[in-house]
Every structure is written in C-alpha cells, then in structure tokens.
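The values are calculated or read from the model by the stated rules, or taken from the named source; none is laboratory data. Computed from a predicted model, the values in this text were never measured in an experiment. Every residue, glycine as well, gets a Cβ built from its backbone with ideal geometry; the counts of neighbours run over all protein chains shown.
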Amino acid sequence: MEVKLMKQKDDSAKRATLGKLSGLVGIVCNVCLAGSKLAVGKLAGSMSITADGLNNLSDAASSIVTLTGFKLAEKPADKEHPYGHARFEYLASLTVAVMILFIGFELAKSSVEKVLHPVAVEFSLLSMIVLIASILVKAGMMIFNTRMGKKIDSTTLLATAADSRNDVLTTTAVLIAALVEHATGWKVDGIMGILVAVFILWSGIGLARDTISPLLGEGVKSDFRKELTQEIMTYPMVLGCHDLMVHDYGPGKCYASVHVEFDKDDNLLACHEVVDQIERKCLEEYGTNLVIHLDPVITDDVEINRMQKLVRQWLADKDSRLAMHDFRMHSCDDKTKVVFDLVIPDELQGKEEEIKEALENFLNQGAGEEYQADITFDPETDW
C-alpha cells in the first residue's frame, strides 16, 4: 500500500508538471500570435484578423488560468479540504470557458458593426505570412496538448487541444476571407469575423458544459462500472454486488462505495480479508478509494430460495431491466413480508405502486398464506 501511495504522489506530480508545461507553452505561443495578428489587423484594417488576434489573446489568458489551475490542484489535502484540491483543474476549465464566451460575444458585436459599415481590407504579404504561421503554430499546439492530455487523462488539456484545433479552422477561414476580398473585391471580412465569433462562442459553450458536469457530480462511466463490478465478482466468496456510487473530487481523487454480498455463514474474518483485497486492487488498478459495505445473504433456506426465484422470474417477465437485490423474508402480523430492493429504469418511475400491487396479486394467487411486498425502489442511475 505504501508503494502505491508513493506511486500516486509521483503520478500527481507528473500530472502537475505536464499541465504547467502546457500552460507555459500556451502563454508564450498565444502572446506571440496575438501580438502579430493585432498589429497586422490594425495595419490592414481587417476585423477578421483582429478578431483572430483577440481570440489568441484570450487563449493566452486561458493558458494562464490553466497554469494556475494545475498549480493550485497539486496542493495537498488539509483540514478544510480533506479530499484535496484537484477540483481546481475543473474550476480552471470553467474560467477558461467563461473567458472564451466573453471574447466571442465582444467579437460578434464588432463584426456586426463591420458588416453594417464595411471598410476595405488592405492585402499584404505580411498578413498572409502571419496567418499561415499561426495555422502551423496552432496545429503544433493541438498535437502537443492532445498527447499531453491523453498521457495524463486531463479534460483541461484535451479541451485546450480542441480549442487549438478550432483556431486552426477559424484562422484558415480568416485567410480565405483575405484572399477572397483581394481577388474579388467582395467585403466578406465582417462576415468572416462573425463566423469566427460564432465558432468561439460554440467552443465556449461546449467547454462550459463539459466542465460544469463533473463539478455538479456526473455519474460514473458505464465502462468503469462494468469493469469494477466484473473485477469484484472474480473474488472467492463474493455472491453479488450492487449500489455502486462514485464521487469525483477531481482528477486522481475518486472515492467510491459499493455493497458486496457474502453468505451469512461465511467466516467474518475471511470476508473482511476479501473486502480488503478488493479495496486495495481498486486503488491500484483504478486509482479509486473504495469502501465496501458487506451484505450477508441467506443461501440455505429452501423457502426463501424458492420465493426469490419466483419473484426474480416474475420481474424478468415484466421487464428484463428490473434488477433485484437484498432479498429476505420474515413474518409480521399473520403475513409474510417479502423484502427486497428493486432497481427500476427511468420509464417505470412513477409506477412503483403499480408494480408492488401487481407482484402482491401474483404471490397471493392460490397461496395458503398472505404475502406482502416491502420494496425499496432505486432509480437506474450510474452514480
């Protein structure tokens, strides 16, 4: 375990180093591009080139935020924040998204004015060189951030890579506008400026959506749920698992809980050893701190097994998506209570009483005793 914790610290340090390196590269490249484009745009009277330069300026500010975000995210846990500060990376992404949206809105206003009051753009070889150089630099930044983002599984760096890709497309559009206006005399500069602004706004909205989701607490990915449950089921003595919940406190800071079923007659110390093994494996393989709730299951009661099989078959006939767990029975006031948890899909939510009543009618058909269903309904969500 100590070796694993050291590896986690090394991984966190590597993540912070690569993230800060990406931020520094972004600051230098974007400041150089913004300065050259703003100068050329002013000399040429081109709104689209100026818009593209301002976009690079916003990218430089975004890189500063990214750098700061990774720096703050590597702070260790403290009394006020026992789960660490890794969510600063998400906050950095959200700040970048807000800045992109603001710049996009301002550019849209300026470009509309240029459409309403068009001014000829001065064509020059210098402006063409600057735009082509920008395309090449941004393509290189896209490749760099994509590789770094995949290497450390960072949504922030992958979003930065996507933003660089968008810049390649928008700068290409600006270049085309300059060439078209020079060749035909059509004043399309303002229109291209609007298109650039729309693209910036669209990117900002997408980035905001992607970063707000984990901050709000998005569900666990289905692949992770499948892999983890399959891993748990490979251990001896484990009869089943359910109620997996995952809490994301930022990259590399995942905590989860799950209920794991064991035979009630199994040795408690042996069960505890299996639980420890599963928790250690989850931390090592998935980087997730797992806490397991042990559920004892009765397996040698003939009547309970018969009734459980009967109920499970009825549920499967009604809807194959209905999943039952924690099944047990006990007598109460001359009735036999059938108690279990039932996971229902979204389409059946609101029909809980209907399901309960239909099951009770089924169980009491021709039965010599009265059965009562005591069901706890769980929504079908990937938590």
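Restricting attention to region 334-354, which residues are within 24 Å of Val297 (Cα to Cα) and either without any contact (Cβ under 8 Å) to a residue 24 or more places away in the chain or within 43 Å of the chain's Cα centre (by Cα) (or both)? Once the filter is applied, which keeps residues that are within 24 Å of Val297 (Cα to Cα) and either without any contact (Cβ under 8 Å) to a residue 24 or more places away in the chain or within 43 Å of the chain's Cα centre (by Cα) (or both), region 334-354 yields Lys337, Val338, Val339, Phe340, Asp341, Leu342, Val343, Ile344.
Do you know which of the residues in region 279-311 that are of a type in the set (Lys, Arg) and over 38 Å from the mean Cα position of the chain (by Cα) is nearest to Lys253 (Cα to Cα)? Give the derivation first.
First, the residues of region 279-311 that are of a type in the set (Lys, Arg): 280-281, 306, 309.
Now drop any that are not over 38 Å from the mean Cα position of the chain (by Cα), which leaves 306, 309.
Details: Arg306: 44, Lys309: 40 Å.
Result: Lys309.
Out of Ala77, Ala97, Ala86, one residue alone is surrounded by 13 or more Cβ atoms within 10 Å (Cβ to Cβ), in a helix (DSSP H, G or I) and assigned by TED's automatic domain parsing to the domain that holds Leu157. It is Ala97. Scanning region 277-291 for residues that are among the polar types (S, T, N, Q), loosely packed, with under 14 Cβ neighbours inside 10 Å and in contact (Cβ under 8 Å) with a residue 24 or more places away in the chain turns up at least one hit.
Quick one: which of Ile304, Ile298 is β-branched (Val, Ile, Thr), touching a residue at least 24 places away in the same chain (Cβ under 8 Å) and either crowded, with 16+ Cβ neighbours inside 10 Å or more than 23 Å from Met324 (Cβ to Cβ) (or both)?
Answer to the selection: Ile304.
Restricting attention to region 207-217, the residues being in a helix (DSSP H, G or I), out of contact with any helix residue (DSSP H, G or I) (no Cβ under 6 Å at 6 or more places or on another chain), in contact (Cβ under 8 Å) with a residue 24 or more places away in the chain and of a type outside the set (A, V, I, L, M) number 1. Of all residues in region 134-151, those satisfying the criterion of being among the aliphatic types (A, V, I, L, M) and either without any contact (Cβ under 8 Å) to a residue 40 or more places away in the chain or crowded, with 20+ Cβ neighbours inside 10 Å (or both) are Leu136, Ala139, Met141, Met142, Ile143, Met148.
Considering every residue within region 54-71, establish whether at least one is among the charged types (D, E, K, R), at pLDDT 75 or above and closer than 18 Å to Val25 by Cα.
Start the filter on region 54-71 by keeping residues that are among the charged types (D, E, K, R), which leaves 59, 71.
Filter once more, so that each one left must be at pLDDT 75 or above: 59, 71.
Still in the running and closer than 18 Å to Val25 by Cα: 59, 71.
Scanning region 54-71, I find at least one residue that is among the charged types (D, E, K, R), at pLDDT 75 or above and closer than 18 Å to Val25 by Cα, so the answer is yes.
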